[in-house]
1. Over the range 47-189, with every protein chain in place, what whole percent of the accessible area is carbon and sulfur at 1.4 Å, could you tell me?
2. Averaged per residue, what accessible area in Å² does the chain show with a 1.4 Å probe, protein chains only?
3. Would you please give the FRET efficiency between Val74 and Glu139, computed as 1/(1 + (r/R0)^6) with r the Cβ-Cβ distance and R0 = 25 Å, to the nearest 0.05?
4. State, as an integer percentage, the relative contact order of the chain based on alpha-carbon contacts under 8 Å between residues 6 or more apart.
5. If you take the square roots of the eigenvalues of the alpha-carbon gyration tensor of the range 69-108 and sort them as a ≥ b ≥ c, do you get rounded (a/c under 1.5), prolate (a/b over b/c) or oblate?
6. Could you check how many percent of all C-alpha pairs in the range 1-159 are farther apart than 19 Å?
7. Compute the distance from the alpha-carbon center of the range 120-154 to that of the range 227-281, in whole Å.
8. Relative contact order of the range 210-281: what whole-number percent is it, with Cα pairs under 8 angstrom and at least 6 residues apart?
Amino acid sequence: MSEQPAAGLPYGVPACRNGWDGVDRVLADWAEQRPDLDFTPVGVVNRLSRVRSYLDAELAGVFARFGLTSADFVVIVTLRRGGAPYLMPQARLMDALGLTSGTVSVRLDRLEKSGIVSREPDPASARGSLVQLTDKGLELFDRVAPVHLANEDRLLSALSPAERGILADLLRRLLSSFESASTDVAASLGLVLEPARLARARRQAVGLSDRAGLLVAAVEPGSLADAAGVERGDLLTSLDGVDVISSTGLAQQLENLLGRQTVRVGLLRGNEEMTVRLTLG
């Protein structure tokens, strides 16, 4: 049975202090010191940060046993998962890692000196290079990967398999909202949407109510959404009464509509609540 929050302690802090983590103590202090402020997001953001610091330290310890850093292993993994011949233009590797050219070059210099990768001129680019995982690099991956994966499994020991799945789904929803400024998950309806975090910021900037939803960035002329009267700037808030706050959740909701003829779409136009009926066809 889950614990209930203690009387007077908001933010989901459990009644049993023996079950508190470091963030619970922080939240309890703030509940006493500044009850006028809502510290609820701290319970998520601070825990993500603290868990990440523990994970990074544990992962680094495994890689160090093989003479690698976490950054080194990311390069090896990126080349390996591309499949044979484990070759990639340096510019594409840079994009895959989300790093600057200088940072990638420093990492590759270190790995090249160790014989883990090789570089050669890219015939398709006058100034570019092709980066390839060597036989030594492939052998190293085969030695490190099983140990690394077993370590990650150990680090998640406090969660059951079902709980890990739930956490992965929640993190997927959160991560997808940061990975792109817009999504075409509702392209079949003729919509380009912006994530809830951007939608809230845009609405606040023009003095509209703070409401979570997906902002309509574009409506394709002649599309299903256009026929239903959806307009650019509308906030998509629900489908058939189910809240819409993430592109991942919306994708699942749209799958559940397969075979349906119509669906009720909840919108916020300015500060006016609206419902339109969309014919799926």
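The values are calculated or read from the model by the stated rules, or taken from the named source; none is laboratory data. Quantities reported herein were computed from a predicted structural model and do not represent experimental measurements. Note: ideal-geometry Cβ built from the backbone for every residue, glycine included; neighbour counts use all protein chains shown. Only protein heavy atoms, including side chains, enter the accessible area calculation; ligands, DNA and RNA are left aside. Shrake-Rupley method; radii C 1.70, N 1.55, O 1.52, S 1.80 Å.
1. 58
2. Dividing the accessible area of the chain by its residue count gives 59 Å².
3. 0.85
4. 10
5. oblate
6. Everything past 19 Å amounts to 65 percent.
7. 44
8. 32
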